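Trainee: Here it is, the structure, as structure tokens.
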Amino acid sequence: MIQSMTGFGKHAIQLPTKKITVELKSLNSKSLDLNVRMPSAFREKELELRKLLANSLQRGKIDFGLYIELTGDQTTAQVNESAIRHYMKQLRAIADGDDLSLMEMALRMPDALKTEREDIDEEEYRTILNALEVALREINLFRSEEGKVLETDFLDRLATLNTLLQKVIDMDPERLATVRERLKKAVADLKTEIDANRFEQELIYYLEKYDITEEKVRLANHLNYFSSTLLSEDSNGKKLGFITQEIGREINTIGSKANFAPMQQLVVQMKDELEKIKEQMLNVL
């Protein structure tokens with residue numbers, strides 16, 4: 001069953017002093033384009049998280065966000081007392097003001113606050129992995145639901161293409177007869193004596209150049225192959241894209257060989273349906 005590359009997943013876990021939120025967004029892309037946002041304290045785990053995301057999501061423009069919000073009294077930031085006293089001393093030398101005013105100015109200076117880097121809490125990291133697992137399930141479920149919508153649309157358009165192909169097949173004898181009569185009339189209008197056998201040979205050669213039997217068979221096979229691939233267990237967006245190209249090639253060849261207005265009108269309709277499939281195909285995983 002096909003999956004869409006569009007999806008969203010989010011999960012939050014509340015700890016005694018922290019709220020951990022994992023958020024995933026996914027859009028279509030030719031390959032895996034992974035953007036990671038996370039606190040600097042967890043950067044050493046980035047490669048591991050990227051691998052987990054790549055294995056689960058495979059392809060698409062992925063935005064991953066890890067947000068940690070302190071909800072208790074715990075903080076890693078402390079006042080840098082020595083730096084503030086040094087700033088106040090310099091400010092007092094160049095400006096008048098009481099200690100409170102000087103302190104307010106000093107607190108705005110660089111390094112007025114110092115943050116101590118904490119080691120990663122393995123239990124907290126396991127909590128993050130659990131949240132990521134839930135978010136991945138959500139986004140993959142979202143992708144599957146979107147895939148069902150795409151699948152229904154593809155099947156409808158495949159049915160239309162098969163109907164149009166059948167009309168082409170039914171119309172082909174009439175087309176060849178019309179082309180034959182058109183050539184005979186053109187020769188007759190020349191009012192020149194011609195060899196009947198030679199004319200018949202040339203006519204057969206000409207009609208063979210416009211024969212679309214192989215194209216009709218190949219197009220029917222490609223449509224069937226697209227349908228079976230669409231309904232396979234895995235999502236094969238790239239494979240379906242290649243089959244779509246082959247379908248387009250056969251439709252174009254039929255159009256170039258048709259030389260018959262009613263059939264060319266059917267070809268235009270087939271191209272229109274195929275373009276709509278191609279547009280939706282960009283979003284298939």
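The values are calculated or read from the model by the stated rules, or taken from the named source; none is laboratory data. Since the structure is predicted, the reported quantities are computational estimates derived from the model, not experimental observations. Heads up, the Cβs are rebuilt from the backbone with ideal geometry, glycines too, and the neighbour counts pull from every protein chain shown.
Trainee: Pairs only if they're at least six apart or on different chains, beta carbon under 6 angstrom, first in segment 217-246 and touching a residue at least 12 places away in the same chain (Cβ under 8 Å), second in a loop (DSSP other than H, G, I, E, B) and buried (at least 18 other Cβ atoms within 10 Å of the Cβ); list them, first residue then second.
Mentor: Correct list of pairs: SER235/ILE2; SER235/GLN3; SER235/LEU285; GLY237/LEU285.
Trainee: Sticking with this structure for a sec: Contact list please: Cβ distance under 8 Å, first residue in segment 86-100 and in contact (Cβ under 8 Å) with a residue 24 or more places away in the chain, second residue assigned to a loop (DSSP other than H, G, I, E, B), pairs at least six apart or on different chains.
Mentor: TYR87/MET109; TYR87/ALA112
Trainee: Then there is this: Condition test on SER26, is it farther than 23 Å from GLU69 by Cα, assigned to a helix (DSSP H, G or I) and either hydroxyl-bearing (Ser, Thr, Tyr) or at pLDDT below 95 (or both)?
Mentor: no
Trainee: Return a yes/no flag: does segment 97-116 have any residue that is at pLDDT 80 or above and either touching a Gly at 6+ places or on another chain (Cβ under 6 Å) or of a type in the set (Lys, Arg) (or both).
Mentor: For segment 97-116, residues at pLDDT 80 or above and either touching a Gly at 6+ places or on another chain (Cβ under 6 Å) or of a type in the set (Lys, Arg) (or both): absent.
Trainee: May I pose another question? Any residue that is farther than 27 Å from LYS148 by Cα and acidic (Asp, Glu) - is there at least one of those in segment 232-249?
Mentor: Checking segment 232-249: not a single residue is farther than 27 Å from LYS148 by Cα and acidic (Asp, Glu).
To keep it simple, each residue is scored yes or no on (1) under 19 Å from the mean Cα position of the chain (by Cα); (2) exposed (fewer than 14 other Cβ atoms within 10 Å of the Cβ); (3) of a type in the set (Gly, Ala, Ser); (4) not in a helix (DSSP H, G or I).
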residue: HIS11; (1), (2), (3), (4): no, no, no, yes
residue: THR21; (1), (2), (3), (4): no, no, no, yes
residue: LYS30; (1), (2), (3), (4): yes, yes, no, yes
residue: LYS45; (1), (2), (3), (4): no, no, no, no
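Trainee: Out of (1) in a loop (DSSP other than H, G, I, E, B); (2) buried (at least 16 other Cβ atoms within 10 Å of the Cβ), the odd one out for PRO110 is which?
Mentor: Of everything listed in (1) in a loop (DSSP other than H, G, I, E, B); (2) buried (at least 16 other Cβ atoms within 10 Å of the Cβ), PRO110 misses just condition (2).
Trainee: Right, something else. Give ILE243, ILE251 a once-over and let me know the one that is more than 20 Å from VAL168 (Cα to Cα) and modelled with pLDDT of 95 or more.
Mentor: Sole residue among the options that is more than 20 Å from VAL168 (Cα to Cα) and modelled with pLDDT of 95 or more: ILE243.
Trainee: Out of curiosity, is SER232 surrounded by fewer than 14 Cβ atoms within 10 Å (Cβ to Cβ), over 18 Å from the mean Cα position of the chain (by Cα), at pLDDT below 95 and assigned to a helix (DSSP H, G or I)?
Mentor: So SER232 fails the test.
Trainee: What are the residues in segment 159-217 that are at pLDDT below 95 and either among the β-branched types (Val, Ile, Thr) or touching a strand residue (DSSP E or B) at 6+ places or on another chain (Cβ under 6 Å) (or both), if any?
Mentor: Correct list: THR178, VAL179, VAL187, THR192, ILE194, ILE204, ILE212, THR213.
Trainee: Scan (1) more than 20 Å from the chain's Cα centre (by Cα); (2) within 30 Å of ARG143 (Cβ to Cβ); (3) of a type in the set (Gly, Ala, Ser) for the single condition ALA220 breaks and write down its number.
Mentor: (2)
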